Amino acid sequence: MDVPRDFDDILVPTDGSKAAQRAARQAVKFARRNGATLHVLYAMDMGDASFVAVPSDIGETRKRLERKGKEFVDEVEALADEAGVPCVTAVRSNTPVEAIREYVAEHDVDIVVMGSHGRSNLRRQLLGSVTATVLRTVDIPILVVTRSESAAAVEETSE
């Protein structure tokens, strides 16, 4: 893998989680320092919706997920606007890993900035997290933003 000298296009996927918010804050700083455009992506995983919604509810479920995704990307866009960073937002219907891979290819993204929940459980160990799968399958640099012990302690007491 060739590491580009310049990072002109930075992708930060978001799911609205605290880990994604931490990654977004770092991505905005990174974009500002590099004079880059920040791309913010939310993936609507409709595969899960088909198991929990009756067919007549799938359209409404899609609308709810789109609204939720728009809220999440708009929050990051507001951070970028405050920092004077150009920002492009997208809400895609796909699994998070596939949405990230497709977006990277379509927009010639130079680096992905992602959060890591920093917690391990049996399900993640068996199935792998989105971040771990992106690390293994996307052929550009990935910056994983982890939480420090002090930040984790503050978050756990405030949850």
Tally Lys/Arg at +1 and Asp/Glu at -1 over every other residue whose Cβ is under 15 Å from the Cβ of Lys70; what's the total?
0
If we count every other residue with Cβ under 11 angstrom of Thr137's Cβ, Lys/Arg +1 and Asp/Glu -1, where does the sum land?
0
Thr137 versus Lys70: modelled label distance in nm, points set 7 Å from Cα along the beta carbon direction
2.9
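Where a number appears in this text, it was derived from the coordinates with a stated rule and is not lab data. Remember, predicted model here, so these are calculated numbers, not experimental data. Because the Cβ atoms are built from the backbone with ideal geometry, glycine has one as well, and the counts that use them run over all protein chains shown.
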